[in-house]
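Inspection log for the structure reproduced underneath, given as structure tokens.
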Amino acid sequence: KLTSTTEGKECLSTLQSNVAYFHDRFQPPTTIQVTSHKSSPLILLQLKTNTNSLNRQCQVDYFDEVASICRKNGVALVSTGQHILYHIHKVPPPAIRLTISSVQSSQDIQMAIQVLTNALQTAVLKKEEALKTINES
């Protein structure tokens, strides 16, 4: 039990501080919402309902692109994209999942926020360009 030792209590306290730090500093684009509980170290990002006019595959492609950009810039996170269709029975909605841990420093979390924010904005731009191209044809 983590709360029975001083080390465990410190670990949980650091984790809670890191989760709060992430939520205090992460400002998602207007099309993205954090759907996980504010105290959870598992962060779930999804498209807001009013932007859900994109079909499932477009949403999957968007989040896969965000995950790819983040990985290329040193931040590991998971897109609940195409790869899971064959591994689970109930497929979750397209989303990004990332985990905050107690071993991350404030600088680590701030860097992850910057990379994630950039990736979300870059992927949005690519999606908007694709939609513009489709609408113009």
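Summary table below
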item: Restricting region 13-69 to residues that are part of a loop (DSSP other than H, G, I, E, B) and either basic (Lys, Arg) or within 15 Å of PRO92 (Cβ to Cβ) (or both), the residue that is farthest from the chain's Cα centre (by Cα); result: ASN52
item: Any hit, region 80-95, residues being out of contact with any Pro (no Cβ under 6 Å at 6 or more places or on another chain), modelled with pLDDT of 90 or more and either in a strand (DSSP E or B) or of a type outside the set (A, V, I, L, M, F, W, C) (or both); result: no
item: Enumeration of residues in region 27-60 that are among the small types (Gly, Ala, Ser), modelled with pLDDT of 90 or more and surrounded by fewer than 13 Cβ atoms within 10 Å (Cβ to Cβ); result: SER39
item: Pair list, Cβ < 9 Å and 6+ apart or interchain, from region 103-114 residues that are under 11 Å from ARG25 (Cα atoms) to residues that are open to solvent by 50 Å² or more (accessible area, probe 1.4 Å) and part of a helix (DSSP H, G or I); result: SER106/SER17; ILE109/ARG25; GLN110/ARG25; ILE113/ARG25
item: Contacts under 7 angstrom Cβ, first residue in region 73-99 being among the hydrophobic types (A, V, I, L, M, F, W, C), partner modelled with pLDDT under 60, 6 or more apart; result: VAL91/ILE84; VAL91/LEU85
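The values are calculated or read from the model by the stated rules, or taken from the named source; none is laboratory data. Here the structure is a predicted model, which is why all the values come from computation and not from measurement. Please note: Cβ atoms are built from the backbone with ideal geometry, for glycine as well, and neighbour counts cover all protein chains shown. When the accessible area is computed, the model is the full protein with side chains, heavy atoms only, and any ligands, DNA or RNA have been set aside. Shrake-Rupley method; radii C 1.70, N 1.55, O 1.52, S 1.80 Å.
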